[in-house]
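Trainee: Dumping the structure here so I can ask a few things about it.
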Amino acid sequence: MKVIIPAAGYAKRLGKIVENKPKHLLEVGGIPIIYHLILGIENLPIEDVYLVSNDKFYEQFLNWKNSIKTRLNIKLINDGTRSNEDRLGTVGDIWFAIDKFGINDDLFIIAGDNLYSDQTTRKYDLKGIYDAFLKLNRFSGIVGLYDVGDLDVARQMNSLTFFEDKIPSPGEYIQIKRLVEKDPNPISTIIAVMIEAYPRKIIDFFRKYIEKTDNHDRMGDFRAWLLNEGQIPIYGYLLNGKWFDIGLPEQLEEARRFYDNIKII
């Protein structure tokens, strides 16, 4: 299994905070956001991590990469973009990594600007969803679910329906029937987040999606397309902890307050 972390966005909603520094390198809990992810991956039987940056912040990512000690083989990739206007988009950057390195393996895809703290370990712990992927015999995809607890927030994210007439409990997984991005009428407060694993045949679907559509930005749209295609079952795994989408200054501050009293390393 290979890990791809898209981290080439420009985070315009964070304003001046990210004018000269990518949000992925902003510190939360005393370490950069991206380092939380790396520490979580280190606890899995995975070696190769493909981290996609843009050209504007490539040198900063490179300096960070060279400053840390890790057993992982981190391949830092420059997607060549310099602004929000010419960005490749999340799906575009994932495909850029796949195509550039000829990746043909199971994929673990993790958003480079999200944080997750497992309720038990209080760390970015990916073992639960990784083990669930293995239990599915690596024939199906699996995506992390999170209960945002507010329908107004869910409307801004995505809406899910499941094949079974129930909502999974934390640590459980269930097959997803349908996903709608920014649904004005979500049926629950549970959303899909960008912590997801897929069998190697997902590579062909990324290729097909890139070739047949012009929407290469949101991963949620790709998931919805996959479900509509009906070629690969996708399950949802309800995360047992706290998840943060670092998109606005107040979300960054909320995450920092949460991690104030948590020892990461």
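Just so you know, all these numbers are worked out from the coordinates, no wet-lab data involved. Predicted, not measured: the structure shown is a model, and the values here were computed from it. Virtual Cβ from ideal backbone geometry, glycine too; neighbours counted across all protein chains shown.
Trainee: Please sort by residue number the trypsin sites (Lys or Arg not before Pro) in the stretch 204-265 whose DSSP state is loop and whose Cβ has at most 16 other Cβ atoms within 10 Å. Show your work: numbers first, answer last.
Mentor: Details: sites: Arg207, Lys208, Lys212, Arg218, Arg223, Lys242, Arg256, Arg257, Lys263; in loops: Arg218, Lys263.
Hits after loop and neighbour filter: Arg218, Lys263.
Trainee: Please report, in whole Å, how far the alpha carbons of the stretch 1-76 spread along each principal axis, starting with the longest.
Mentor: 38, 26, 21
Trainee: What full-extension length gain, to one decimal in nm, is calculated for Arg218 and Ile262 as 0.36 nm per residue of separation minus the Cα-Cα distance? Please report the intermediate quantities before stating the final value.
Mentor: Details: separation 44, 0.36 × 44 = 15.84 nm, distance 3.13 nm.
Full extension of this stretch gives 12.7 nm more.
Trainee: Roughly how many debye, to the nearest 20, is the charge dipole of the chain about its Cα centre, given +1 on each Lys and Arg Cβ, -1 on each Asp and Glu Cβ, and no other charges?
Mentor: Numbers: 35 positive and 38 negative charges, 91 e Å.
For the chain, the charge dipole is close to 440 debye.
Trainee: For Lys123, which aspartates and glutamates qualify as cross-link partners when the Cα separation must be under 20 Å and same-chain residues fewer than eight apart are set aside?
Mentor: Hits, sequence-local ones excluded: Glu27, Glu42, Glu47, Asp113, Asp131, Asp147, Glu172, Glu196, Asp245, Glu253, Glu254, Asp260.
Trainee: Something else about it: Using mean Cβ contacts within 10 Å as the protection proxy, how do 83-93, 160-170, 34-44 order, highest first? The partial results should precede the final answer.
Mentor: On the way: 83-93: 17.6, 160-170: 13.8, 34-44: 20.2.
The densest-packed peptide leads the list: 34-44, 83-93, 160-170.
Trainee: Residues in the stretch 1-41 near a label at Arg71, defined as backbone nitrogen under 18 Å from the 7 Å Cα→Cβ point?
Mentor: Correct set: 1-3, 36-41.
Trainee: Work from the charge dipole of the chain (Cβ charges, +1 for Lys and Arg, -1 for Asp and Glu, about the Cα centre) and give the residue of Phe222, Phe108, Met157 farthest towards its positive end.
Mentor: Of Phe222, Phe108, Met157, it is Phe108.
Trainee: Then there is this: For labels at Arg138 and Lys177 in the simple 7 Å Cα→Cβ model, what's the distance in nm?
Mentor: 3.1 nm
Trainee: To continue, here is another question. Can you give the direction-averaged projected area of the convex hull of the alpha-carbon atoms in the stretch 190-265, in nm²?
Mentor: Details: hull surface 29.6 nm².
Averaged projected area of the stretch 190-265's Cα convex hull equals 7.4 nm².
Trainee: Next question. Give me the net charge of Gly80's neighbourhood, meaning all other residues with Cβ under 9 Å from the Cβ of Gly80; Lys, Arg count +1, Asp, Glu -1. Write out the running numbers ahead of the final one.
Mentor: Working: positive: Arg82; negative: Asp55, Asp79, Asp86.
For residues surrounding Gly80, the net value is -2.
Trainee: Give the share of C-alpha pairs in each 5 angstrom bin for the stretch 2-259, from 0 to the last occupied bin, in whole percents, shortest bins first.
Mentor: In order of increasing distance, the bins hold 1, 6, 14, 18, 21, 19, 14, 6, 1, 0 percent.
Trainee: Still on this model: Tell me which of Gly29, Phe139, Gln119 sits at the most positive position along the dipole axis of the chain, charges placed on C-beta atoms (Lys, Arg +1; Asp, Glu -1).
Mentor: Most positive-ward Cα: Gly29.
Trainee: Kindly provide log₁₀ I(q)/I(0) values, in the same order as q = 0.20, 0.25 Å⁻¹, from the Debye equation applied to equal alpha-carbon scatterers of the stretch 159-211.
Mentor: Rounded to two decimals, the profile gives -0.90, -1.11.
Trainee: Which of Asp221, Asp131, Asp106 moves the most in a Gaussian network model of the chain with Cα springs under 10 Å?
Mentor: Maximum among the listed residues: Asp131.
Trainee: Under the Kirkwood approximation for Rh and a Cα-based Rg, what ratio Rg/Rh is obtained for the stretch 62-133? Could you put the intermediate results ahead of the total?
Mentor: On the way: Rg = 15.0 Å, Rh = 15.1 Å.
My calculation puts Rg/Rh at 0.99.
Trainee: Order by neighbour count: Glu211, Glu172, fewest other Cβ atoms within 10 Å first, most last.
Mentor: Details: Glu211 8, Glu172 16.
The order, fewest Cβ neighbours first, is Glu211, Glu172.
Trainee: Any idea how far the Cα center of the stretch 2-29 sits from the one of the stretch 57-91, in Å?
Mentor: Computed from Cα coordinates, the inter-centre distance equals 10 Å.
Trainee: Considering only Cα-Cα distances, which of the following residue pairs are longer than 27 Å: Lys65/Lys100; Lys2/Lys242; Lys23/Lys182; Lys12/Lys263; Lys100/Lys263? Before the final figure, lay out the partial values.
Mentor: Details: Lys65/Lys100 20 Å; Lys2/Lys242 25 Å; Lys23/Lys182 23 Å; Lys12/Lys263 30 Å; Lys100/Lys263 37 Å.
With Cα atoms farther than 27 Å apart: Lys12/Lys263; Lys100/Lys263.
Trainee: With the dipole of the stretch 1-119 worked out from charges on the C-beta (+1 for Lys and Arg, -1 for Asp and Glu) around the Cα centre, which of Ile5, Gly92, Ile68 lies farthest toward the positive end?
Mentor: Projecting each Cα onto the dipole axis, the largest value belongs to Ile68.
Trainee: Which Rg and Dmax, in Å, describe the Cα atoms of the stretch 103-208?
Mentor: 14.2, 39
Trainee: Which net charge results when you count Lys and Arg as +1 and Asp and Glu as -1 among the other residues whose beta-carbon is under 15 Å from that of Asn158? The partial results should precede the final answer.
Mentor: Values: positive: Arg155, Lys177, Arg178, Lys182, Arg218, Arg223; negative: Asp147, Asp150, Asp152, Glu181, Asp183, Glu196, Asp217, Asp221, Asp245.
Computed value for this residue: -3.
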